[in-house]
Structure formats: C-alpha cells, structure tokens
Amino acid sequence: MKILVLISNVPDTTTKVRLTGDNKAFDTTGIQWIINPWDELALTRAVELKEAGGVEKITVANVGSKITESTLRKALAVGADDAFRIDAEPSDAYYVAKQLMQVAGSYDLIMAGIEASDYNGSGVGGMLAEMLGINSVSAVSGVDIENGELKIRRDLDGASQVLSIPTPVLIIVQKGIAIDPRIPAMRGIMMARKKNLNVLPAIDATARTEFLNYELPAPKAACKIVDEDNAKELITLLHEDAKVI
Amino acid sequence: MSILVYTENWDGKFKKLSCEIVSFAAAIAKKMNSSVTALSIGHVSDDELNMLGNYGATKVLNVQDDRFESLDNKALADAVAKAAQAESAKLVIFAHNNEGKAIAPRVSIKLNAGMVSGVTGLPVNFEPFTVKKKVFTGKAFANIVINTDVKVITFAQNSFEVVETDNNVNILVFDPQITDNEFVTKVLDTHKATGKVLLTDAEIVISGGRGMKGPGNWGGLEELAGILGAGLACSRPVSDEGWRSHEEHVGQTGKIIAPNVYIAFGISGAIQHLGGVSSSKFIVAVNKDPEAPIFEVADFGIVGDAFKVIPQLIEAAKELRATN
Ligand SMILES: Cc1cc2nc3c(=O)[nH]c(=O)nc-3n(C[C@H](O)[C@H](O)[C@H](O)COP(=O)(O)OP(=O)(O)OC[C@H]3O[C@@H](n4cnc5c(N)ncnc54)[C@H](O)[C@@H]3O)c2cc1C
Ligand SMILES: Nc1ncnc2c1ncn2[C@@H]1O[C@H](COP(=O)(O)O)[C@@H](O)[C@H]1O
C-alpha cells in the first residue's frame with residue numbers, strides 16, 4: 001500500500017494573531033511554523049502502519065512557498081520517504097486541491113487533516129477526493145490495515161462506526177487517529193537530509209474565493225464574579241439575567 | 001432559483017441545528033428574492049417534514065433510500081448535487097458539523113462552486129457575495145468573497161437566532177438515481193451513545209478539567225447535568241488520561257461546540273481548549289486560581305474550589321427545577 005499524507009504548514013497554535021496595518025493580511029513576522037496538528041497525527045499513524053508492515057512507501061505533499069520546506073524536512077525526519085512541494089501561495093481550498101492533483105493520482109490511501117488550524121477551511125481533503133473521483137471518509141479517528149484491507153473508525157454526532165472501504169480512498173482524520181505525534185529522532189533528522197524533496201511549479205488555476213479582510217473579536221466585558229460560599233447565586237444569574245437555564 | 005439546505009435527522013427527528021439552518025436560509029432567501037428547499041435523506045415522518053415550514057422552508061425534497069445509511073460521502077455528494085441542479089440552487093447550505101464538513105467540499109466541486117466553511121451569520125454583503133467566518137480557531141474573523149455563480153457554505157451552529165413562521169411546505173419524493181456501485185462503504189459495527197444529551201446539540205454543557213482531580217469525581221457533574229438536561233464535556237488531558245471518554249473532549253483537537261451556556265469546572269482555559277468552546281453564548285468558569293486564563297473569556301465565574309461549589313449548584317438547580 002502506498003500512502004500520501006497532505007501537509008499544511010501553519011503558525012504554532014499558541015501564536016497571538018496580529019494583523020497588518022490595513023487589516024488585509026495576517027502578520028507573519030516572527031511566526032513559528034509547524035506541521036498542522038492533524039496532519040502530524042496522520043503522518044504519525046502512517047509511520048506506525050509502515051512499521052507494522054504492509055506499507056511500501058509514505059509520501060508527503062504541500063502546496064506552499066519555500067518557507068514550508070523546513071516543515072516538509074521535519075515530516076521526512078518523522079518517517080516519510082519522500083516529499084513534494086508545489087511552489088504556489090495556497091490562496092483557497094479549491095486552488096490547493098487543484099495543485100495537489102499533480103501528485104495525488106497514484107496512491108492507495110490519501111490522508112488529510114480535518115482542518116488547517118490557520119484558516120480552518122475543512123475543504124481541501126473532500127475537494128481533492130471529488131476531483132480524483134475517489135471515495136472519502138470524514139471524521140476518521142482510527143485506521144488499520146488487515147490482510148491488505150483498510151479498517152476505518154469514523155465518528156458521527158453521537159455514534160462511532162467501524163467501516164471497511166476499498167482503495168483508493170481519501171480519509172480526513174481527526175483526534176484519535178494517533179495518540180501522541182512522533183517527534184523526529186536524531187537518526188531520522190540525519191536520514192531526512194538524504195531524502196528527496198521534489199519541487200514542482202504551480203499549474204494554472206483560479207481561486208474561487210477571496211479573503212477581503214480580517215477583524216479581531218471585540219473585547220469581552222469583565223467577568224461577573226460570584227462568591228464561593230454563595231454559589232447558588234450563579235444559578236439565579238444564569239436563570240434570570242442570562243436566561244440560559 | 002432557490003436555496004438548498006441539507007438537513008440531518010437523528011433517528012427520524014430533525015436536529016435543532018437543522019431548524020436553525022433552515023431559518024438562516026430563509027433569512028437569506030428574503031434578501032435574495034429566493035425560496036428555501038430543504039433536502040432530507042432518511043426516514044422522517046411527514047409531520048416532522050412539515051415542521052420545516054415553521055422555519056421558512058417552502059419545499060422539501062425527501063429521499064427515502066436505505067442505501068444512504070452507510071453515509072458514503074461520494075454517493076451523498078452526488079445526491080445533494082443532483083437536488084441542487086434540479087432546484088437550480090444558487091446557494092447550498094450545510095451545517096458545519098461532521099456530516100456537513102464531509103459532503104460540502106465534494107458538492108462544491110460537482111457544482112463548480114466556491115465554498116466557505118464555518119460561516120457565522122448572514123452574508124455581510126450580497127454583491128459581491130461576502131460572508132464572515134472565524135479563522136485561527138476563533139482568534140480572528142475573516143470576510144471572504146465567493147466569486148462563483150453557485151455558492152456552497154457550511155454554517156456554524158448557534159450563530160443565528162431562529163425565527164418561526166407558518167409556511168406551508170410542499171413535500172416531494174426525490175430520487176437522485178444513484179447506482180449501486182457508488183455505495184462502497186461497508187459498516188461493520190455501529191456504537192451509539194444512547195440516553196445521553198448529544199454534545200453537539202446540547203444547549204447547556206457542563207465540563208470538567210484536570211482540576212477535577214480524577215475519574216472518580218464526576219458524580220457531582222453528572223448529577224448537575226442530569227438536573228439541567230445538560231451535555232457533558234471535558235478538556236483534552238481528561239480524555240487523554242482516560243478519566244472520561246474521547247467523545248467528550250472539546251477543543252481545537254476535539255469537538256467544537258456552541259451551546260447557550262458552557263460551564264467549566266477546573267479548566268484553566270488554554271487557547272486550544274477555548275478554540276472548541278468560544279462560540280458559546282455564555283461561558284461560566286469555576287476555578288480556584290483567580291489568574292486562570294478562562295476568566296478572561298468567562299461571563300460569570302466563581303473563584304473557588306469546585307468540590308465546594310458543585311453541591312451548592314446541585315441544590316440550587318434542584319430548587320430551580322422544582323419551581324420552573
Ligand atoms: C496542538 C495542541 C492541541 C490541543 N488541543 C486541545 C483541545 O482540543 N482541548 C483541550 O482541552 N486541550 C487541548 N490542548 C491542551 C491545552 O493546551 C491544555 O493543556 C489543556 O486544555 C489543559 O487542560 P485543563 O484545563 O483541564 O488542565 P490544567 O491546565 O492543568 O488546568 C487545571 C485547572 O484546574 C484548576 N483547579 C485545580 N484544582 C481545582 C479545584 N479543586 N477547584 C477548581 N479548580 C481547580 C487549576 O487552577 C487549573 O486552572 C492542546 C494542546 C496542543 C499543544
Ligand atoms: N497548502 C496545503 N498543502 C498541502 N495540504 C494541505 C494544504 N492546505 C491544507 N491541506 C490539507 O488539507 C487539510 C485541511 O485543510 P483546510 O481545508 O485548509 O482546512 C489539512 O489538514 C491538510 O491535510
């Protein structure tokens with residue numbers, strides 16, 4: 001089985017969001033870039049499956065400018081065998097999926113994250129599957145290979161299911177797919193230097209959506225504090241003032 | 001031309017969320033001089049389908065085909081796209097939940113439509129069609145223009161006040177004519193969480209963090225949730241430690257919820273936790289550390305020991321329920 005893991009390059013999740021003067025863009029000065037947390041878990045699970053046998057090769061792919069290469073090197077150090085970077089600004093999910101079509105054609109299993117933690121688009125995985133004409137499973141919290149076949153656990157609102165589904169398939173993964181993300185070991189970092197990081201030019205495509213500008217949330221009113229020994233007052237406030245219970 | 005809304009039912013009953021998006025769509029339809037068609041897949045009674053009229057739908061397309069129970073994303077997307085084409089829909093709306101996130105991107109490709117997910121209210125502009133959504137897990141909002149003729153959006157729950165009307169709905173059976181070979185997912189096992197309030201649907205959510213100290217201390221929270229009819233949630237370390245089931249984990253890497261009120265006990269309020277709950281109408285914090293970051297986002301709070309506070313809240317909630 002050949003696996004492709006889609007890797008989005010995002011600001012560290014504790015980043016404080018600052019905007020450029022005219023609120024047209026997110027200010028990236030001094031940002032620490034990381035592998036999108038779900039993509040990191042997807043890659044971790046792919047590496048675990050490879051170690052258990054039954055996976056020939058893991059490839060990672062990213063659509064992004066040169067700054068994403070350190071993120072891709074990290075993915076190689078964690079255990080991917082090779083990497084593609086498609087040299088383009090990821091302007092929207094459609095545009096990114098279009099670019100990924102260049103490399104996504106020949107895998108049995110493609111893994112994407114449920115959302116990128118920066119623009120929270122939840123779009124690329126499903127769009128790519130539809131473009132490829134293959135099936136997709138969303139909210140996947142577990143994947144196993146049994147006798148060369150995929151066993152997938154997916155979560156629904158209020159239930160979870162175990163599925164079998166033929167390949168090729170794209171799974172959109174979330175929490176549970178792996179427990180702790182793999183940290184690259186020294187040996188992995190050394191080996192990653194020798195692995196292929198292929199750079200491809202962008203193909204012609206037009207984004208279908210356009211970010212106009214950003215706003216920061218309005219500051220919140222101060223928290224109303226209730227005394228610890230008079231906690232019953234809280235229930236009264238929630239009932240009478242907030243009218244929510 | 002119309003607006004198509006994908007509705008979801010749970011054991012034959014529409015979710016609160018489905019009513020909310022129909023109502024949301026009706027408000028958009030008014031501004032666009034359009035009408036709302038709801039698409040329902042599964043076995044739902046006519047009474048229940050008629051109810052969608054109370055929220056502004058004028059037409060319901062009803063697909064009754066058991067094969068969809070496997071929730072094959074490819075087949076579902078095909079069905080929705082065919083319904084959209086049959087209705088000449090210019091806008092297709094899904095909920096921003098598991099099912100909506102799974103199908104909407106596929107439908108957008110089928111319809112050559114631009115898509116924006118997690119929209120948090122009525123369009124800020126119609127020409128060009130501009131919607132607002134949260135980015136950076138709630139740390140900012142973005143205004144986004146959709147440039148295509150047909151548009152797909154997923155709607156973030158609890159961001160629209162439901163309006164009731166009394167439309168008559170026209171219920172039609174719809175057969176999207178999906179061939180057998182599009183259904184390839186085999187469901188081997190389903191595990192349903194029964195008897196509990198569905199977390200993503202709950203209007204009141206009670207949540208515990210590491211400050212609850214251990215798995216044996218949840219009795220009080222369960223009792224309080226029972227009295228108030230609340231859903232139960234927890235922070236990530238709590239589910240990682242196995243104190244509570246993964247189903248209850250909320251936050252950036254867990255479930256994203258937006259109840260009317262979120263009551264957090266012994267939760268510090270890390271940015272990744274808040275990412276999953278910041279859309280709640282009210283946030284209440286009970287924490288013994290006055291410096292805990294959760295107080296920066298809370299509307300009401302108690303600085304104190306959860307174990308002292310919970311019994312008082314149970315007593316007060318019982319009294320409230322006895323008189324209301
Ligand atoms: C990439 C990434 C993703 C993450 N995703 C999530 C996520 O989805 N959800 C999530 O929750 N976390 C997530 N985290 C973890 C997050 O950063 C925090 O570590 C976590 O939310 C802390 O959980 P907590 O508040 O329960 O515990 P703590 O931070 O340990 O806080 C416990 C709180 O309890 C209070 N307390 C202690 N005893 C009492 C008492 N007797 N009465 C009252 N209060 C008491 C303390 O004052 C403290 O504020 C993520 C982290 C990373 C790096
Ligand atoms: N620029 C990108 N390059 C490669 N994969 C991406 C990119 N952006 C998003 N993805 C993948 O798509 C998933 C969902 O991202 P999004 O649709 O942007 O929320 C991510 O978790 C990645 O797996």
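The values are calculated or read from the model by the stated rules, or taken from the named source; none is laboratory data. Predicted model only: the values in this text are computed from it and were never measured. Please note: Cβ atoms are built from the backbone with ideal geometry, for glycine as well, and neighbour counts cover all protein chains shown. The protein model used for the area step is the full one, side chains on, heavy atoms only, and it has no ligands, DNA or RNA in it. Shrake-Rupley method; radii C 1.70, N 1.55, O 1.52, S 1.80 Å.
Just one of (1) open to solvent by less than 20 Å² (accessible area, probe 1.4 Å); (2) of a type outside the set (S, T, N, Q); (3) more than 16 Å from ligand 1 (Cβ to nearest atom); (4) more than 14 Å from chain B (Cβ to nearest Cβ) fails for A:A112. It is (4).
Of all positions in the range B:298-309, none carries a residue that is more than 21 Å from B:N217 (Cα to Cα), out of contact with any helix residue (DSSP H, G or I) (no Cβ under 7 Å at 6 or more places or on another chain), open to solvent by 80 Å² or more (accessible area, probe 1.4 Å) and at the interface with chain A (Cβ under 9 Å from one of its Cβ atoms). Selection within the range B:246-270: residues that are modelled with pLDDT under 90 and either more than 19 Å from B:H96 (Cα to Cα) or part of a strand (DSSP E or B) (or both). The member of this set that is nearest to ligand 1 (Cβ to nearest atom) is B:K255. Look at the range A:119-133: where a residue is more than 7 Å from chain B (Cβ to nearest Cβ) and within 11 Å of B:M115 (Cβ to Cβ) and a partner is of a type in the set (A, V, I, L, M) and more than 6 Å from ligand 2 (Cβ to nearest atom), sitting 6+ places away or on another chain with Cβ atoms under 6 Å, you get A:V124/A:A97. Hey, does the range B:144-166 have a residue that's in the same structural domain as B:K281 (by TED's automatic domain parsing), in a loop (DSSP other than H, G, I, E, B) and modelled with pLDDT of 95 or more? No: the range B:144-166 contains no residue that is in the same structural domain as B:K281 (by TED's automatic domain parsing), in a loop (DSSP other than H, G, I, E, B) and modelled with pLDDT of 95 or more. For the range B:175-198, the condition holds for no residue, the condition being that it is within 16 Å of ligand 1 (Cβ to nearest atom) and of a type in the set (A, V, I, L, M, F, W, C). Here the condition is being under 24 Å from B:N181 (Cβ atoms), in contact with a strand residue (DSSP E or B) (Cβ under 7 Å, 6 or more places away or on another chain) and of a type in the set (A, V, I, L, M); of B:L52, B:L39, it holds for B:L39 alone. For A:S70, the conditions (1) part of a helix (DSSP H, G or I); (2) open to solvent by less than 10 Å² (accessible area, probe 1.4 Å); (3) among the hydroxyl-bearing types (S, T, Y) all hold with the exception of (2). The number of residues in the range B:47-69 being within 26 Å of B:N112 (Cα to Cα) and either more than 14 Å from chain A (Cβ to nearest Cβ) or not hydrophobic (A, V, I, L, M, F, W, C) (or both) comes to 7.
Residue-level analysis places B:G276 outside the set of residues that are within 24 Å of the chain's Cα centre (by Cα), at positive phi and open to solvent by less than 50 Å² (accessible area, probe 1.4 Å).
Applying the criterion of at least 3 residues that are surrounded by 24 or more Cβ atoms within 10 Å (Cβ to Cβ) to the strands (runs of 3 or more DSSP E) found wholly in the range A:119-166 leaves A:135-146. Remark: B:V150 matches the filter, which requires a residue to be of a type in the set (A, V, I, L, M) and within 21 Å of A:A93 (Cβ to Cβ).
Of everything listed in (1) away from ligand 2 (no atom under 16 Å from the Cβ); (2) in contact with a Phe, Trp or Tyr (Cβ under 9 Å, 6 or more places away or on another chain); (3) in a loop (DSSP other than H, G, I, E, B), the single unmet condition for B:A292 is (2).
Evaluate the range A:44-54: report whether one residue or more is within 16 Å of ligand 1 (Cβ to nearest atom) and either among the hydrophobic types (A, V, I, L, M, F, W, C) or within 14 Å of chain B (Cβ to nearest Cβ) (or both). The answer is yes, given that some residue of the range A:44-54 is within 16 Å of ligand 1 (Cβ to nearest atom) and either among the hydrophobic types (A, V, I, L, M, F, W, C) or within 14 Å of chain B (Cβ to nearest Cβ) (or both).
Within the range B:300-324, residues that are closer than 14 Å to B:I206 by Cα have Cβ atoms under 9 Å from residues that are open to solvent by less than 10 Å² (accessible area, probe 1.4 Å) and not hydrophobic (A, V, I, L, M, F, W, C) in these pairs: B:A306/B:G208, counting only partners at least 6 apart in sequence or on another chain. Count of the range A:202-221 residues, restricted to those that are within 9 Å of chain B (Cβ to nearest Cβ) and of a type in the set (A, V, I, L, M), is 4.
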